[in-house]
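Visitor: The structure is given below, and queries will be raised subsequently.
The values are calculated or read from the model by the stated rules, or taken from the named source; none is laboratory data. Note that the structure is predicted; figures quoted are calculated from it, not measured. Quick reminder, even Gly has a Cβ in these numbers, built from the backbone with ideal geometry, and neighbours come from all protein chains shown.
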């Protein structure tokens with residue numbers, strides 16, 4: 001079994017919570033359903049629900065109506081899944097800035113919690 005946790009910056013803010021709170025309720029429910037699938041299936045979850053992005057980073061892929069949402073995450077030893085941030089996609093390609101932000105959050109998490 002896997003457990004999903006939200007990344008928190010050093011100041012305690014959670015980018016993925018901010019993302020979820022910015023969504024309309026129906027969209028938020030759909031993303032939370034996707035996170036439940038991720039918690040249930042973990043590293044066995046595949047496309048169309050999940051896709052590897054390289055460097056140990058993945059995206060949870062959620063579609064609602066014509067909107068496409070993504071939540072970035074990575075795995076930590078012990079069955080933990082850390083979700084960093086999310087976006088509503090406006091184009092075919094995931095914006096480089098959002099992907100870089102997810103990588104930055106992953107590196108920050110690893111620095112603070114895995115290299116103690």
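Visitor: Please go through segment 46-62 and pick out each residue that is under 19 Å from residue 30 (Cβ atoms) and without any contact (Cβ under 8 Å) to a residue 12 or more places away in the chain.
Guide: 46, 51 - these are the residues of segment 46-62 that are under 19 Å from residue 30 (Cβ atoms) and without any contact (Cβ under 8 Å) to a residue 12 or more places away in the chain.
Visitor: Give the residue, chosen from 56, 86, 79, that is on the phi > 0 side of the Ramachandran plot and at pLDDT 95 or above.
Guide: Going through 56, 86, 79 in turn, just one is on the phi > 0 side of the Ramachandran plot and at pLDDT 95 or above: 56.
Visitor: What pairs can you find where one residue is in segment 92-116 and free of Cβ contacts under 8 Å to residues at least 40 places away in the same chain, the other is in a helix (DSSP H, G or I) and surrounded by 12 or more Cβ atoms within 10 Å (Cβ to Cβ), and their Cβ atoms are less than 9 Å apart, with a gap of 6+ or different chains?
Guide: Matching pairs, first to second residue: none at all.
Visitor: What is the residue count in segment 90-105 for residues that are touching a strand residue (DSSP E or B) at 6+ places or on another chain (Cβ under 9 Å) and either outside any helix (DSSP H, G or I) or closer than 13 Å to residue 71 by Cα (or both)?
Guide: Number satisfying all stated conditions: 9.
Visitor: Report, by residue number, each residue of segment 3-17 that is free of Cβ contacts under 8 Å to residues at least 24 places away in the same chain and touching a strand residue (DSSP E or B) at 6+ places or on another chain (Cβ under 8 Å).
Guide: Passing the criteria: 14, 17.
Visitor: Quick one: in segment 19-37, of everything that is within 14 Å of residue 59 (Cα to Cα) and touching a residue at least 40 places away in the same chain (Cβ under 8 Å), which residue is surrounded by the most Cβ atoms within 10 Å (Cβ to Cβ)?
Guide: My answer is 31.
Visitor: Here's another thing I want to ask about it. Only one of (1) buried (at least 17 other Cβ atoms within 10 Å of the Cβ); (2) in contact with a helix residue (DSSP H, G or I) (Cβ under 7 Å, 6 or more places away or on another chain); (3) over 15 Å from residue 7 (Cα atoms) fails for residue 71. Which number is that?
Guide: Among (1) buried (at least 17 other Cβ atoms within 10 Å of the Cβ); (2) in contact with a helix residue (DSSP H, G or I) (Cβ under 7 Å, 6 or more places away or on another chain); (3) over 15 Å from residue 7 (Cα atoms), the lone unmet condition for residue 71 is (3).
Visitor: Would you mind stating whether residue 4 is part of a strand (DSSP E or B), closer than 15 Å to residue 76 by Cα and touching a helix residue (DSSP H, G or I) at 6+ places or on another chain (Cβ under 6 Å)?
Guide: yes
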